[in-house]
Structure formats: C-alpha cells, structure tokens
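The values are calculated or read from the model by the stated rules, or taken from the named source; none is laboratory data. Nothing here was measured: the structure is a model prediction, and the numbers come from that model. As a convention, Cβ positions derive from the backbone with ideal geometry for all residues, glycine included, and neighbour counts pool all protein chains shown. Surface areas here come from the heavy atoms of the whole protein model, side chains and all, with no ligands, DNA or RNA. Shrake-Rupley method; radii C 1.70, N 1.55, O 1.52, S 1.80 Å.
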Amino acid sequence: MESTMIPMSHDWTGKEWDWPLQHEDGTVKVNNTADHFDVQLDCQFFTPKEIEVRVAGDQLVVHGRHELRSGPSGMDIAREVHRSYKLPSDVDPKSLKSNLDTKGILTISAAKKK
C-alpha cells in the first residue's frame with residue numbers, strides 16, 4: 001500500500017501543544033522536595049509491556065510504544081512517546097522505582113542522597 005504525505009497547516013507554537021505527557025496540564029506532575037523526587041505521567045494508552053523506564057547518565061528516560069491496533073471507533077491507532085527528565089544531582093539513582101497503577105498513571109520515584 002502506497003502512502004502519500006498530506007501537508008498540514010497550523011497556527012500554534014511548540015509551547016502551546018505537546019501531546020501527550022505535557023507538563024503542568026494534569027497529565028505530567030514533577031515533584032522535587034528535600035526528601036524525594038517523583039514524576040507522574042498519564043500512560044493510560046499503554047500496557048506495562050509497552051513502557052520502558054531507564055536511567056541514561058543523569059537523565060530519567062520514559063519510552064512508551066505500541067504497534068498498530070484497532071481503537072474503539074474502529075480506526076487503527078499506533079502511539080509512541082519518548083520523554084526524558086534531568087535527574088536532580090541529589091537524587092539517589094539506585095533508589096528509583098516505577099509503578100503503573102490501574103488507572104494508567106505511571107509514578108517514578110526516588111529518594112534523595114543522604
């Protein structure tokens with residue numbers, strides 16, 4: 001099957017749109033206190049097997065990807081999201097833990113260095 005690129009016009013800037021996982025829109029929450037660091041992301045469109053969380057140097061990297069599958073409206077949908085966050089220098093990277101809850105919220109947390 002041949003595909004043809006369809007030109008798209010828009011009147012927004014990159015600061016206005018960053019779907020999904022846009023910071024400060026309720027979809028992403030970053031908390032950095034004296035005691036702990038955590039990031040919460042809405043990953044409801046991904047299963048646990050489709051999400052990878054890792055540390056690369058001083059970066060926390062989150063990658064979600066799923067292949068083409070049928071959506072609720074009968075349309076085929078494929079998604080891929082890549083996010084990285086600079087870890088604060090006082091975070092203990094060995095204490096990082098991640099959890100995906102039943103509502104699709106991914107929480108990644110870490111303790112601070114003592």
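Okay, here's what the table says:
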{"item": "Qualifying residue in region 38-49 (condition: without any contact (Cβ under 8 Å) to a residue 24 or more places away in the chain and either surrounded by fewer than 16 Cβ atoms within 10 Å (Cβ to Cβ) or among the hydrophobic types (A, V, I, L, M, F, W, C) (or both))", "result": "yes"}
{"item": "Checklist (1) in contact with a Lys or Arg (Cβ under 6 Å, 6 or more places away or on another chain); (2) at pLDDT below 85; (3) open to solvent by 60 Å² or more (accessible area, probe 1.4 Å) applied to residue 21, failing item", "result": "(3)"}
{"item": "Any hit, region 78-93, residues being farther than 18 Å from residue 31 by Cβ, aliphatic (A, V, I, L, M), part of a strand (DSSP E or B) and at pLDDT below 90", "result": "yes"}
{"item": "Meets criteria (modelled with pLDDT of 75 or more, in contact with a Lys or Arg (Cβ under 7 Å, 6 or more places away or on another chain) and exposed (fewer than 10 other Cβ atoms within 10 Å of the Cβ)) for residue 58", "result": "no"}
{"item": "Failed condition for residue 111, given (1) of a type outside the set (S, T, N, Q); (2) closer than 17 Å to residue 38 by Cβ; (3) surrounded by fewer than 11 Cβ atoms within 10 Å (Cβ to Cβ)", "result": "(3)"}
{"item": "Count of region 81-100 residues which are of a type in the set (Asp, Glu) and either under 12 Å from residue 55 (Cα atoms) or surrounded by 18 or more Cβ atoms within 10 Å (Cβ to Cβ) (or both)", "result": "1"}
{"item": "Cβ-Cβ under 8 Å pairs, at least 6 apart or on other chains, region 90-110 side on the phi > 0 side of the Ramachandran plot, far side outside any strand (DSSP E or B) and crowded, with 16+ Cβ neighbours inside 10 Å", "result": "104/43; 104/46"}
{"item": "Test: residue in region 4-13 that is in a strand (DSSP E or B) and at pLDDT 50 or above", "result": "no"}
{"item": "Residue count, region 61-77 (criterion: part of a strand (DSSP E or B) and open to solvent by 70 Å² or more (accessible area, probe 1.4 Å))", "result": "6"}
